[in-house]
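The values are calculated or read from the model by the stated rules, or taken from the named source; none is laboratory data. Keep in mind that this is a model prediction, so the values were computed, not measured. All Cβ positions, even for glycine, are placed from backbone atoms using ideal geometry, and neighbour counts span all protein chains on display.
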Amino acid sequence: MTGEYYQIKDKCRKELLKYLSEVFFQIPGIENPKILDIGCGTGVPTIWLAENTNGVITAIDTDKHALDRLQEKISLKSLDNQVLTLNISFNDLKEYQDYFDIIIAEGFLNIIGFESGLPKIIRMLSHNGYCIIHDEYKDHVKKCDFINKYRCKITGTLYLDENVWWNDYYSLLEAEIDSIDNPRIKELFLSDINEIEVYKTDPSAFRSIYYIIKKL
């Protein structure tokens, strides 16, 4: 049953890849970049990175079931030499200081806190490396000021309003959930159903933004 759950979630999540693509290709070309994908989940962006770059990707998450799903996709697509999955907390990833050329963190700082997590991400970046942060739009100006304090430069942003989130994700997910006949499978989506209801109550709370940040 969880397989069907992940399949539906992945299908809807893929509709947001065009925004990651838009910001990723604003980064100047780096030969064979070392890429870190934080909180990769089932790896929809991870697989996209592997198929659209010549980089080596380290994908980390604490959810072993999601990582198992990602590993299945990696093996199916013969990407084992390009993608390494680690069932580990970001805070335990200590041996990679000044290491990664590109770090992707989509929604991760919204969980652990922007001011708490960003300095740790910056420390893992190589000199002149880039990170792509996708976070809620709330406190945008404050976040920009905080980024500049860490000898970093914002080289680009991409704002996603609440309509993007409805048109390209939540409406699709709602339709997929409504089409499920098996009540046991439908139960797996209870948190998603609640999230959709929260969206309908206050769509403006779902505005988000990508930051492209260069370590100076």
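A few points about this structure:
- Of all residues in the range 1-59, those being at pLDDT 95 or above and among the aromatic types (Phe, Trp, Tyr) number 4.
- Looking across the range 151-193, just one residue is within 29 Å of Phe24 (Cβ to Cβ), over 22 Å from the mean Cα position of the chain (by Cα) and either hydrophobic (A, V, I, L, M, F, W, C) or surrounded by 11 or more Cβ atoms within 10 Å (Cβ to Cβ) (or both), and that is Ala175.
- Wholly enclosed helices (runs of 4 or more DSSP H) of the range 64-134 bearing at least 3 residues free of Cβ contacts under 8 Å to residues at least 60 places away in the same chain and surrounded by fewer than 15 Cβ atoms within 10 Å (Cβ to Cβ): 64-76, 114-124
- Hey, Cys131 modelled with pLDDT of 95 or more and over 28 Å from Gly3 (Cα atoms) or not: yes
- Filtering the range 154-178 to residues that are more than 17 Å from Glu15 (Cα to Cα) and either modelled with pLDDT under 95 or aliphatic (A, V, I, L, M) (or both) leaves only Ile154.
- Scanning the range 189-214 for residues that are touching a residue at least 60 places away in the same chain (Cβ under 8 Å) and assigned to a loop (DSSP other than H, G, I, E, B) yields Phe189, Arg207.
- The residues on offer are Ile154, Ile147, and the sole one that is in contact with a Phe, Trp or Tyr (Cβ under 8 Å, 6 or more places away or on another chain) and in a helix (DSSP H, G or I) is Ile147.
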